[in-house]
Amino acid sequence: MSGRLKDKPHIYKRIIITCVVILCVILAALLFFHQNPADDQGTATLKKGSGIALIAVAGTLFCVFFDQLKTLPLELFQSRSLIWKLAKNDFKKRYAGSYLGAVWAMAQPVVTVLMYWIVFDKVFNTRSQMIASGVEVPYVLFLTAGLVPWFFFQEGVNHGMMAMIEYNYLVKKVVFNISILPIIKVIGAMFTHLFFTGILIVVSSCYGYFPTIYTIQIIYYELCLFLLVLAISYITCAIVVFFRDLQQIVAIILQIGMWATPILWDIHMVPDQLKPLFKLNPMVYIVNGFRMSMYGDEWFWEHFYSSAYFWILLLLLFTIGSMLFKKLKVHFADVL
């Protein structure tokens, strides 16, 4: 009987790895046989080749490092009640001592949206350029749908990266599971983001774009955004403990990233030969997804290449983050 119990984890491991291999083969086959009439032969071949290579790399990494990768998700699941409690406390603590409290979390993004709207729509008349590129929705709605996910991405990455340094007193405790600290910071940032998602739906309705069946997929894009921020946070929070300059580097990357992401402008303004380069940025997929959810009439699975690329990239980032965090966390207390 004891032998059977010992074999159970190995059996589960074989089953999971077999399922992943089968899934990778199915995805590679779908990618190979998928046809997009809008693509020329060269572009289609490049997309298929790159996609299949990414699937192969992601699947191989998952199978080889399965034991290391399963540790982090299990730790987070087992500590889910503690994570939720600490995330709420983190959000409250952030604005403790101020008279207006969490109102300040809402004020800055609202002012930013208004500033960009006045400058780009009223002063530079970006609206006419948007119409020329095929975007006919009000610019303030187009802008808000792009800024709402970006604000969370920016805040979540910044706070998640500094989780170990901010909670250094917990890192030094032997009995505390420090693996939950980055997700606490990301969930704390999520509270404000969900409020602004509600504001986005209200703004959309005010301009006549009421919620439709396509609005449901906002849940899917929220999940994509949350997991992307979480994966990046586990990578950066492990490195910044030993290399504090990373904080400044990430700030510069985020500043450049905002202009490299189609938030203030539309992706269709970019020449066709440069579009694949811009779409390597995973936030392009999420920003466009938020806009499709608000005023579009397309489902996320209709963008097969983009969806496949995003999830493969996300798996790679989580693989790197999990392994890096597990390897370095034993040294955190010594450095901090």
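Within segment 168-196, residues that are free of Cβ contacts under 8 Å to residues at least 60 places away in the same chain sit with their Cβ atoms under 7 Å from residues that are part of a loop (DSSP other than H, G, I, E, B) and surrounded by fewer than 23 Cβ atoms within 10 Å (Cβ to Cβ), at 6+ positions apart or across chains, in these pairs: Leu170/Phe176; Leu181/Tyr167. May I ask you to verify whether Phe196 is of a type in the set (A, V, I, L, M, F, W, C) and closer than 16 Å to Trp84 by Cα? Judged against the criteria, Phe196 is not a match.
Set side by side, the residues Val229, Val241 differ, and just one is aliphatic (A, V, I, L, M), buried (at least 16 other Cβ atoms within 10 Å of the Cβ) and over 15 Å from the mean Cα position of the chain (by Cα), which is Val241. Looking across segment 266-298 at every residue that is basic (Lys, Arg) and assigned to a helix (DSSP H, G or I), the one that is surrounded by the most Cβ atoms within 10 Å (Cβ to Cβ) is identified as Arg291. None of Leu194, Leu181, Leu141 is assigned by TED's automatic domain parsing to the domain that holds Leu246, under 21 Å from the mean Cα position of the chain (by Cα) and farther than 30 Å from Ala333 by Cβ except Leu194.
Taking segment 256-304 as the range and being aliphatic (A, V, I, L, M) and in contact (Cβ under 8 Å) with a residue 60 or more places away in the chain as the test, the residues that pass are Met258, Ile263, Leu264, Met269, Met283, Ile286, Val287, Met292, Met294.
Between Ile235, Ile263, the distinction of being touching a Gly at 6+ places or on another chain (Cβ under 6 Å), farther than 24 Å from Leu31 by Cβ and modelled with pLDDT under 90 belongs to Ile263 only.
With respect to being of a type in the set (Phe, Trp, Tyr) and either at pLDDT 85 or above or farther than 15 Å from Tyr220 by Cβ (or both), Phe304 falls outside the description.
Here segment 65-89 is the region considered, the condition is being assigned to a helix (DSSP H, G or I) and of a type in the set (Ser, Thr, Tyr), and the residue that is farthest from Val186 (Cα to Cα) is Thr71. A single entry from Ile235, Ile187, Ile218 fulfils the requirement of being closer than 26 Å to Phe142 by Cβ, in a helix (DSSP H, G or I) and under 19 Å from the mean Cα position of the chain (by Cα): Ile218.
Taking the stated definitions as given, is Ile263 part of a loop (DSSP other than H, G, I, E, B), crowded, with 16+ Cβ neighbours inside 10 Å, in the same structural domain as Phe226 (by TED's automatic domain parsing) and within 18 Å of the chain's Cα centre (by Cα)? Yes; evaluated as a whole, the condition is true for this residue. Selection within segment 106-163: residues that are over 30 Å from Ile239 (Cβ atoms) and among the aromatic types (Phe, Trp, Tyr). The member of this set that is modelled with the lowest pLDDT is Phe124.
Of the residues Ile312, Ile253, Ile320, the single one that is closer than 15 Å to Ile232 by Cα, free of Cβ contacts under 8 Å to residues at least 24 places away in the same chain, assigned to a helix (DSSP H, G or I) and of a type in the set (A, V, I, L, M) is Ile253. Considering (1) farther than 20 Å from Phe310 by Cβ; (2) out of contact with any Ser or Thr (no Cβ under 8 Å at 6 or more places or on another chain), the lone condition that Pro211 does not fulfil carries the number (2). Screening Leu228 against (1) under 16 Å from Gln154 (Cβ atoms); (2) of a type outside the set (Val, Ile, Thr); (3) not in a helix (DSSP H, G or I) leaves a single unmet condition, (3).
The values are calculated or read from the model by the stated rules, or taken from the named source; none is laboratory data. Source: prediction; values computed, not measured. We place every Cβ from the backbone using ideal geometry, glycine too, and count neighbours over all the protein chains shown.
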